[in-house]
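First comes the structure, then the notes that go with it.
The values are calculated or read from the model by the stated rules, or taken from the named source; none is laboratory data. All figures in this text were calculated on a predicted structure; none of them were measured in a lab. Glycine also receives a Cβ, built like all others from the backbone with ideal geometry; neighbour counts cover every protein chain displayed.
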Amino acid sequence: MKELLEKIPFYNSAVLPYHFAQSLISGARYSFPGKHLRVIGITGTNGKTTTAFMVWQMLNHAGFRAGLMTTVAWGVDSLTPELGHMTTVDAFTLNKRIATIRSQGADFLVLEVTSHALAQFRTLGIPIEIAVFTNLTHDHLDYHKTFAKYRATKGKLFKKAQLSILNADDPATKYYKTIAHKYITYGIKSGQNRATEVKLAVDGVKYSLGDMSIETHIPGQFNVYNSLAAALVGRTLGLSDQQITEGIGSLNSVEGRMNIVDEGQPFTVIVDYAHAPDALEKVFASVGGHKGRIISVHGGAGRRDPSTRPIRGEILAKHSDIVIITEDDSRDEDPEKIAQGFINGATAAGKTLGKDLLVELDRAKAIKLALSKARKGDLVLILGKGHEKTILRADGPHEFEDIKEARKFLKDLR
């Protein structure tokens with residue numbers, strides 16, 4: 001029913017009073033639990049989850065008790081997987097979980113904050129001590145309609161934060177500087193706090209931040225940015241350089257983010273959550289030194305911005321030797337129609353349908369197809385769903401995990 005209502009013009013604006021009331025009532029129901037925690041809110045198109053995990057790990061490693069609420073999981077010491085396909089949950093669930101985190105003795109809360117959550121007042125009554133901005137790229141325009149509105153909605157977090165930590169290499173920071181109460185910046189090319197002597201490897205990144213030597217176990221230049229932001233949160237909170245570097249370095253992985261699936265096969269398999277154009281570009285940039293073929297598996301979600309589909313198809317085609325288009329959370333939209341957008345972009349970029357561009361709309365079969373085609377030294381990228389435990393089809397959710405499916409088929413190949 002909700003899916004049908006959302007197709008009504010101006011529906012999202014019409015229900016804003018309802019969202020406000022829901023947030024106000026749920027906050028009051030749990031006595032606005034966020035007021036009793038030092039909240040670090042992290043927003044941006046990409047990188048929120050990894051940055052949040054880095055900050056959470058760093059704080060706990062330094063001896064603090066920090067709660068975490070992300071796309072992947074939530075909790076304090078023991079994390080509960082997030083089964084819903086939502087980053088910032090609805091206001092009632094959000095306040096209930098914050099109250100639980102507080103009851104477990106947490107001092108801090110590291111919270112992923114989406115543009116949908118900000119537009120719908122879900123963080124009402126939650127004070128933000130530090131706000132982190134990762135980046136802003138083309139996404140969620142099915143909801144916000146224009147990039148300017150998307151940018152402005154994200155800006156609500158910086159208006160309410162005591163201090164904002166902004167990515168100086170992202171053009172949106174120029175705007176956020178004008179609305180933030182107080183800010184510091186970071187980056188590689190620019191910013192008050194810059195990463196230098198950057199070294200990228202398949203198993204992580206290394207760089208210097210002033211006198212600090214920071215090392216992560218998660219690859220990709222984007223994790224230079226993510227860890228920079230986390231390090232500045234640590235500095236702002238008064239952590240020592242040793243606490244910062246050891247804390248960030250102690251995070252071995254984040255589920256669904258550049259996860260290597262190894263069952264002894266002679267080729268590399270990586271599962272990642274990337275589903276926006278910029279995120280895809282960054283994944284391919286992070287594996288740019290790979291010498292073998294690249295086989296990519298990807299698809300698009302239903303009832304999400306269709307304009308990105310040909311763009312993503314083109315990106316896949318440019319950077320992959322073989323592209324396999326498949327399903328994602330199609331919901332009530334025709335999977336074949338979704339796939340056609342990707343096909344259009346990939347063929348425009350030079351791929352030939354049936355040769356180096358294949359379509360398999362059963363995601364499990366698509367993964368199996370990719371793995372069966374892989375040879376020694378190849379790289380298989382399974383992109384778009386990452387950590388998610390279900391796939392949403394017209395008849396509802398079905399249990400499905402990219403990593404589990406990949407492991408199952410790799411074992412069969414042995």
* Would you call Asp321 in the same structural domain as Phe222 (by TED's automatic domain parsing), in contact with a strand residue (DSSP E or B) (Cβ under 6 Å, 6 or more places away or on another chain) and surrounded by fewer than 20 Cβ atoms within 10 Å (Cβ to Cβ)? -> no
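Condition check ((1) under 18 Å from Gly302 (Cα atoms); (2) without any contact (Cβ under 8 Å) to a residue 24 or more places away in the chain) across all residues:
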site: Thr326; (1), (2): yes, no
site: Ile338; (1), (2): yes, no
site: Phe342; (1), (2): yes, no
site: Thr352; (1), (2): no, yes
site: Lys376; (1), (2): no, no
site: Lys385; (1), (2): yes, no
* With the condition kept exactly as written, say whether any residue in region 22-45 is hydrophobic (A, V, I, L, M, F, W, C), farther than 19 Å from Ile165 by Cβ and surrounded by 20 or more Cβ atoms within 10 Å (Cβ to Cβ). => no
* Structure fact -> Those residues of region 239-271 which are more than 23 Å from the chain's Cα centre (by Cα) and either hydrophobic (A, V, I, L, M, F, W, C) or crowded, with 20+ Cβ neighbours inside 10 Å (or both) amount to Leu239, Phe267
* Asked: Within region 372-383, is even one residue crowded, with 22+ Cβ neighbours inside 10 Å, in a helix (DSSP H, G or I) and modelled with pLDDT of 90 or more?
  -> no
* **Those residues of region 184-204 which are assigned to a strand (DSSP E or B), over 19 Å from Ser164 (Cα atoms) and of a type in the set (Val, Ile, Thr), in sequence order** => Thr196, Val198
* Asked: Given the structure, is Glu333 without any contact (Cβ under 8 Å) to a residue 60 or more places away in the chain, over 22 Å from the mean Cα position of the chain (by Cα), surrounded by fewer than 23 Cβ atoms within 10 Å (Cβ to Cβ) and in a loop (DSSP other than H, G, I, E, B)?
  -> yes
* Asked: In region 163-177, is there at least one residue being over 23 Å from the mean Cα position of the chain (by Cα) and surrounded by fewer than 18 Cβ atoms within 10 Å (Cβ to Cβ)?
  -> yes
* Asked: Quick one: which of Gly302, Gly238, Gly288 is in a loop (DSSP other than H, G, I, E, B) and under 19 Å from Asp169 (Cβ atoms)?
  -> Gly288
